[in-house]
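The structure appears below as structure tokens.
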Amino acid sequence: MWQWFLQLGSPRLFYSKTDRYLPWLSWITVILLGTGLAWGLAFTPPDYQMGENYRIAYIHVPMATLAMGCYAMMACFSAGYLIWKIKVADMIAKACAPIGASITAVALATGSLWGIPTWGTWWIWDARLTSTLIMLFLYVGIIALRSAFDSIDSGARACAVLSLVGVVNLPIIKYSVDWWNTLHQGASNLSLSDTAANPPEVWIPAFFVGFGVLGFFLIALILRTRNEILLRERRAQWVSDLVEGNQKESGHA
Amino acid sequence: MMNNSRMGLGSVVVATVRRELLLAFRSPGDVINPLMFFIIAVTLFPLGGGADSAFLSGIASGVIWVTTLLAIMFSMESLFRADYEDGSLEQLLMSPQPLYFLLLAKVLSHWLIACLPILILAPVFAVMLAMPVAGILPLILGLLAGTPILCLLGAIGMALTVGLSRSGLLLAVLILPLYIPVLVFGTGMVSAALDSLPYTGLLALMGAMLVLAICLSPLAIAAALRISVN
Amino acid sequence: MPEFQFQSLAEFFAMGGYAKYVWSSYGVFALMIAYNLIQPVLAKRRIIKAQKARIQRNSA
């Protein structure tokens, strides 16, 4: 296990290993996501309060969860990069930011779309929506900081420090926004996840979608990290071989 | 400089603060500009939103907190920029004294230079914005505990961006989201007091955040400065 | 075994009057997935192309 993990720390081995994993991961993801979404959209009974509209939950909830999980992951890899100087860790952390930002944006968009019929308006300063919005700001900040540096190394270390600062702050921000919301919204807490005692036919498809979305996230992360490896290791012989190999293949075709 | 390494920790901190204050009074812009920004920005709100006192008292604590927060953010430029350009930042990083306390001393002196004048004027402007008297004390206590946190967090952002040529707006994007808890609890204290609820719990929370910020942010500032200087 | 919850396909697309919200949510989701998969593939193609050009320049 440890050996396998260490091997992923070498850019070249990361590239060749993921080459082998990617097809499997893709198939599992397609099956999970396909089943889960079809099930959630058409085969679960409608909610007795929100009707068919609650089907948005099948994508909104995993997106909102993943938005936070992605940030935690980025911070872990940032720490790994700062402590052990593992280059691949930084490449993964770099890949996390744009994916996390787009996931957060979708969580916000679906939350708003859910809000229109439920709350009568597409935006309210709900604790969850607000902290998701702040999450998006944090991602944007990290992307902006990375792009402001010319040197890859300085940008990587600066972003790693910022992600760690962000991850310490995140629970405080979340807590403060929750507190602020109860202060300003009074008792009118029309929470999105207020679907108590969900029957299994509701949460089993949610399980499928959840793992499917996780699979998609890993695929997107691996694809971006592989590109980053090709770019940064472009002087290495194996990358040249790889490119030449591609050339030969395309020459034959 | 020679006997610097034999100085005790306390006297190093005092010496750093004294040096920073002396420098600030030689270029008074560092003291006056944040204050002027605060005064002018607060004045814009009645002009833009109307001078109706019911409206003003509703937004008073928010306006004062937000403009203080922005003033601190803009003032961060003077914390490391000049030191970075004349090379004294490099010397600071190589100094035999523990960097942790040197950085704390630097942030403390920045707080004295840029925040204390705002703090002194804040109650005056709170009254001008028709804030009820019950809100003044929690406002000041909140600012007293909250502005050092803002300085420490701002110093992290500034340390990260000091090596970049155009860092003004980037700094805002980086640190404003991190300022949210201070803003929320600071304005919350005033609202609680105006609803005649106890606000000491929130003050304690703010104090806890301050302790956390004092413990952790010098580490982040040091790491960030090392990246920017190398 | 879960059964199909709608009387007809048309009703399925109508989503009990919530069609706008449900389908645009899933649309946004699909767009995001497509972007995150297509962007790296295009980027990889660009990188490989640039690499080939570099190798040819060096060997020439």
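The values are calculated or read from the model by the stated rules, or taken from the named source; none is laboratory data. Just so you know, these numbers come straight off a predicted model, no measurement behind them. FYI the Cβ positions are ideal-geometry reconstructions off the backbone, even for glycines, and counts take in every protein chain you see. What goes into the accessible areas is simple: the full protein's heavy atoms, side chains included, and nothing from ligands, DNA or RNA. Shrake-Rupley method; radii C 1.70, N 1.55, O 1.52, S 1.80 Å.
Does the stretch B:188-230 hold any residues that are under 24 Å from B:L139 (Cα atoms), under 17 Å from the mean Cα position of the chain (by Cα) and within 10 Å of another protein chain (Cβ to nearest Cβ), and which are they?
Residues satisfying the conditions are B:A208, B:M209, B:L212, B:A213.
Specify the residue that is surrounded by the most Cβ atoms within 10 Å (Cβ to Cβ); the eligible residues are those in the stretch A:174-205 that are among the β-branched types (V, I, T), at pLDDT 65 or above and within 24 Å of A:L108 (Cβ to Cβ).
Taking the candidates together, the pick is A:V177.
Would you mind finding the one in C:F29, C:F4, C:F13 that is within 7 Å of chain A (Cβ to nearest Cβ) and either assigned to a loop (DSSP other than H, G, I, E, B) or farther than 22 Å from A:F217 by Cβ (or both)?
None of the others qualify; the one that does is C:F4.
Restricting to the stretch B:111-143, give me the number of residues that are open to solvent by 10 Å² or more (accessible area, probe 1.4 Å), of a type outside the set (A, V, I, L, M) and assigned to a helix (DSSP H, G or I).
4
Test each condition in (1) open to solvent by 70 Å² or more (accessible area, probe 1.4 Å); (2) within 8 Å of chain A (Cβ to nearest Cβ); (3) not small (G, A, S) for C:R57 and report the one that comes out false.
All conditions pass for C:R57, except number (2).
Filter the stretch A:152-173 for residues that are in contact (Cβ under 8 Å) with a residue 12 or more places away in the chain, facing chain B (nearest Cβ under 9 Å) and open to solvent by 20 Å² or more (accessible area, probe 1.4 Å); which is nearest to the chain's Cα centre (by Cα)?
A:L164
Taking C:Y18, is it open to solvent by 60 Å² or more (accessible area, probe 1.4 Å), under 26 Å from A:R226 (Cα atoms) and either within 24 Å of the chain's Cα centre (by Cα) or at the interface with another protein chain (Cβ under 9 Å from one of its Cβ atoms) (or both)?
No.
Just to be sure I understand, how many residues within the stretch A:133-150 are open to solvent by 50 Å² or more (accessible area, probe 1.4 Å) and more than 7 Å from every other protein chain (Cβ to nearest Cβ)?
Of the residues in that region, 3 qualify.
Looking at C:K49, C:K44, which is the one that is farther than 28 Å from A:T118 by Cβ, assigned to a helix (DSSP H, G or I), modelled with pLDDT of 90 or more and more than 7 Å from every other protein chain (Cβ to nearest Cβ)?
Only one candidate qualifies: C:K49.
(1) at pLDDT below 95; (2) part of a helix (DSSP H, G or I); (3) under 30 Å from A:S147 (Cβ atoms): which one isn't true of B:R166, the others all being true?
All conditions are met except number (2).
Let's see how each residue does on (1) more than 8 Å from chain C (Cβ to nearest Cβ); (2) closer than 30 Å to A:G40 by Cβ:
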position	(1), (2)
A:G212	yes, yes
A:F216	no, yes
A:L230	no, no
A:V239	no, no
A:V243	no, no
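Is the stretch A:53-72 home to any residue that is under 18 Å from A:W203 (Cβ atoms), open to solvent by 30 Å² or more (accessible area, probe 1.4 Å), more than 8 Å from chain C (Cβ to nearest Cβ) and not hydrophobic (A, V, I, L, M, F, W, C)?
Within the stretch A:53-72 (the criterion being under 18 Å from A:W203 (Cβ atoms), open to solvent by 30 Å² or more (accessible area, probe 1.4 Å), more than 8 Å from chain C (Cβ to nearest Cβ) and not hydrophobic (A, V, I, L, M, F, W, C)), the answer is yes, since at least one residue qualifies.
On the basis of being under 21 Å from the mean Cα position of the chain (by Cα), aromatic (F, W, Y) and exposed (fewer than 13 other Cβ atoms within 10 Å of the Cβ), does B:F25 make the cut?
yes
Residue-by-condition table, conditions (1) without any contact (Cβ under 8 Å) to a residue 60 or more places away in the chain; (2) buried (at least 19 other Cβ atoms within 10 Å of the Cβ); (3) facing chain C (nearest Cβ under 10 Å); (4) under 30 Å from B:L219 (Cα atoms):
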{"position": "A:G80", "(1), (2), (3), (4)": "yes, no, no, yes"}
{"position": "A:A89", "(1), (2), (3), (4)": "no, yes, no, yes"}
{"position": "A:I92", "(1), (2), (3), (4)": "no, yes, no, yes"}
{"position": "A:A95", "(1), (2), (3), (4)": "no, yes, yes, yes"}
{"position": "A:S102", "(1), (2), (3), (4)": "yes, yes, yes, no"}
{"position": "A:L108", "(1), (2), (3), (4)": "yes, yes, yes, no"}
{"position": "A:L113", "(1), (2), (3), (4)": "yes, yes, yes, no"}
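Which numbered condition trips up A:I222, out of (1) open to solvent by 40 Å² or more (accessible area, probe 1.4 Å); (2) modelled with pLDDT of 90 or more; (3) among the aliphatic types (A, V, I, L, M)?
(1)
Quick grid of which residues meet (1) within 30 Å of B:L194 (Cα to Cα); (2) within 17 Å of the chain's Cα centre (by Cα); (3) not aliphatic (A, V, I, L, M):
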| site | (1), (2), (3) |
| --- | --- |
| B:D30 | no, yes, yes |
| B:F38 | yes, yes, yes |
| B:T68 | yes, yes, yes |
| B:S78 | no, yes, yes |
| B:A82 | no, no, no |
| B:E85 | no, no, yes |
| B:L93 | no, no, no |
| B:P98 | no, no, yes |
| B:V107 | no, yes, no |
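If B:L47 satisfies every condition in (1) surrounded by 11 or more Cβ atoms within 10 Å (Cβ to Cβ); (2) under 27 Å from B:G135 (Cβ atoms) but one, which is the exception?
(1) is the only condition that B:L47 fails.
Would you say B:S165 is polar (S, T, N, Q), under 17 Å from the mean Cα position of the chain (by Cα) and open to solvent by 10 Å² or more (accessible area, probe 1.4 Å)?
No, not satisfied.
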